[in-house]
Amino acid sequence: MLKINKNFLNLSQKYLFDEIKHKVQKFKKANPEVPLLNLGIGDVVLPICQASVEASKKACTEMGDPRNFKGYGPSSGYDFLKSKICENYLKRGEKIRNKLLQINKGIPVEIDKNEVFIGDGSKTDICNILDLFAQDNICLIPNPVYPVYIDSNIMRNSQIIYANSTEKNNFLPMPSDKKADIIYICSPNNPTGAAYSRDQLKAWVDYALEQNSIILYDSAYEAYIRDDNIPHSIFEIENSKKCAIEFRSFSKNAGFTGMRCSYVIIPNELKFENIKLLDFWTRRQSTKYNGTCYIVQRAAEAALSDDGLIETENFLNTYKQNSDLILDIFSKNDITFFGGKNSPYIWFKYTNLNKNSWDLFDLFLQKTGIITTPGSGFGECGENFLRISTFFVNNNIDFFLKKILTFNTP
Ligand code: MLT
């Protein structure tokens with residue numbers, strides 16, 4: 001008789017953002033006249049850059065031409081995109097075409113083409129990577145955290161221990177004497193917006209090396225870093241190539257949430273039990289993945305061209321200005337907040353209201369029309385907090401900001 005994977009019964013009934021969607025639909029039905037601003041799910045609103053549009057059109061034309069048509073591509077991605085990614089890691093810190101704008105901030109990092117694996121989104125990559133590890137490893141996961149890390153581990157019944165992320169540690173938990181084999185780090189963090197400094201990240205690398213464990217480093221929001229002492233890549237930290245895998249995507253920096261393109265960096269030096277993880281991942285991908293769409297890979301390559309980077313920097317600036325606008329309002333009105341400075345997420349609470357996150361979510365929606373994400377949806381240490389994203393265009397923002405200002409008044 002067939003046995004199903006009953007671990008699914010241990011998941012919450014709905015994925016966090018589906019639960020929110022459901023609540024918002026209900027609200028809209030009951031209040032069709034109320035204008036809404038969606039600062040819930042971290043989905044970009046500005047379009048992909050023109051360089052990517054042109055490159056994908058050209059790639060599409062190639063696919064319709066018998067001389068240039070391509071069937072299955074390499075499961076780990078095309079060399080043209082891998083080379084561009086390596087160039088981008090190395091070019092960090094350079095000014096593009098002498099523009100005053102210093103786009104590629106950070107320390108140059110040398111990555112070899114064979115260490116780059118193109119995927120269709122960090123969410124997929126970060127779930128699939130678990131195929132490489134035995135099931136009885138102990139996973140150390142921050143709390144609160146991007147729910148995908150937890151759900152994917154619940155689905156395989158992993159042993160999970162938590163690194164509590166609270167106001168006391170500025171939402172940046174540090175290594176303790178807890179033993180762990182797989183360590184999840186997301187910096188800048190989703191949901192809190194907090195980001196590890198170089199020294200703090202070095203402490204995690206030292207801990208992983210000492211324990212012979214691995215760090216799964218989610219760097220999806222690195223393009224939002226503004227402080228110089230915050231590393232853009234874990235590979236800026238000495239010896240990290242012996243203990244870390246980095247996950248990056250084009251979603252939040254180049255507007256690819258709908259296009260789907262990501263990459264995983266698995267260093268050649270990364271070995272456990274004398275086996276190169278890169279070989280296992282190559283083997284896994286060749287069986288389970290046929291490669292990211294050629295057209296999308298061409299669009300991603302273009303997003304990393306000089307023109308692409310200059311254009312996407314402009315849209316990143318729009319989100320950063322949005323962030324500044326909200327942080328300014330929050331500071332002037334004594335709202336306790338974290339994040340926003342190096343991240344598109346602002347994490348805040350109304351201390352005086354003494355409400356749990358879901359009640360606060362409902363009340364905020366009713367009184368302001370702003371869709372947020374309840375902090376407890378990311379884990380119990382997120383209780384009492386709300387998260388908002390800064391992915392919006394400024395059309396009617398004054399209207400909503402005024403609502404925030406009066407939210408707390410009876
Ligand atoms: C979020 O809102 O946390 C993100 O959109 C999730 C994601 O990137 O998948």
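The values are calculated or read from the model by the stated rules, or taken from the named source; none is laboratory data. Predicted, not measured: the structure shown is a model, and the values here were computed from it. Glycine gets a Cβ as well: all are built from the backbone with ideal geometry, and neighbour counts include every protein chain shown. The area values use the complete protein model at the heavy-atom level, side chains included, leaving out ligands, DNA and RNA. Shrake-Rupley method; radii C 1.70, N 1.55, O 1.52, S 1.80 Å.
Return yes when I295 is open to solvent by 20 Å² or more (accessible area, probe 1.4 Å) and touching a Cys at 6+ places or on another chain (Cβ under 8 Å) and no when it is not.
yes
What about L130, is it more than 17 Å from A303 (Cα to Cα) and at pLDDT 85 or above?
So L130 passes the test.
Within the range 161-206, work out how many residues are within 16 Å of the ligand (Cβ to nearest atom) and not in a loop (DSSP other than H, G, I, E, B).
3
Table: residues versus (1) assigned to a helix (DSSP H, G or I); (2) within 14 Å of the ligand (Cβ to nearest atom).
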| site | (1), (2) |
| --- | --- |
| F8 | yes, no |
| K14 | no, no |
| D18 | yes, yes |
| F27 | yes, no |
| V34 | no, no |
| S52 | yes, no |
| K57 | yes, no |
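With the condition kept exactly as written, say whether any residue in the range 256-269 is part of a loop (DSSP other than H, G, I, E, B), touching a Leu at 6+ places or on another chain (Cβ under 9 Å) and open to solvent by 10 Å² or more (accessible area, probe 1.4 Å).
Of the residues in the range 256-269, the ones part of a loop (DSSP other than H, G, I, E, B) are 256-261, 266-269.
Checking which are touching a Leu at 6+ places or on another chain (Cβ under 9 Å) leaves us with 261, 266-268.
Remaining after also requiring open to solvent by 10 Å² or more (accessible area, probe 1.4 Å): 268.
For the range 256-269, residues part of a loop (DSSP other than H, G, I, E, B), touching a Leu at 6+ places or on another chain (Cβ under 9 Å) and open to solvent by 10 Å² or more (accessible area, probe 1.4 Å): present.
Only one of (1) modelled with pLDDT under 95; (2) over 29 Å from A203 (Cβ atoms) fails for N253. Which number is that?
(2)
Counting only residues that are β-branched (V, I, T) and within 16 Å of the ligand (Cβ to nearest atom), which one in the range 214-268 is farthest from F280 (Cα to Cα)?
Kept after step one, since they are β-branched (V, I, T), are these residues of the range 214-268: 214-215, 225, 230, 234, 237, 245, 257, 264-266.
Those left that are additionally within 16 Å of the ligand (Cβ to nearest atom): 257, 264.
On the way: T257: 28, V264: 13 Å.
Top of the filtered list is T257.
Can you tell me which residues in the range 108-152 are more than 16 Å from the ligand (Cβ to nearest atom), part of a helix (DSSP H, G or I) and surrounded by fewer than 23 Cβ atoms within 10 Å (Cβ to Cβ)?
Those that are more than 16 Å from the ligand (Cβ to nearest atom), part of a helix (DSSP H, G or I) and surrounded by fewer than 23 Cβ atoms within 10 Å (Cβ to Cβ): K113, N114, L130, D131, L132.
Scan the range 391-410 residue by residue and report those that are within 29 Å of the chain's Cα centre (by Cα) and outside any helix (DSSP H, G or I).
F391, F392, V393, N394, N395, N396
I'm trying to understand the selection: among the residues of the range 61-97, which are of a type in the set (K, R) and either open to solvent by 30 Å² or more (accessible area, probe 1.4 Å) or at pLDDT below 95 (or both)?
Once the filter is applied, which keeps residues that are of a type in the set (K, R) and either open to solvent by 30 Å² or more (accessible area, probe 1.4 Å) or at pLDDT below 95 (or both), the range 61-97 yields R67, K70, K84, K91, R92, K95, R97.
Could you check, for the range 211-223, whether at least one of its residues is touching a Ser or Thr at 6+ places or on another chain (Cβ under 9 Å), of a type in the set (S, T, Y), more than 21 Å from P344 (Cα to Cα) and crowded, with 16+ Cβ neighbours inside 10 Å?
no
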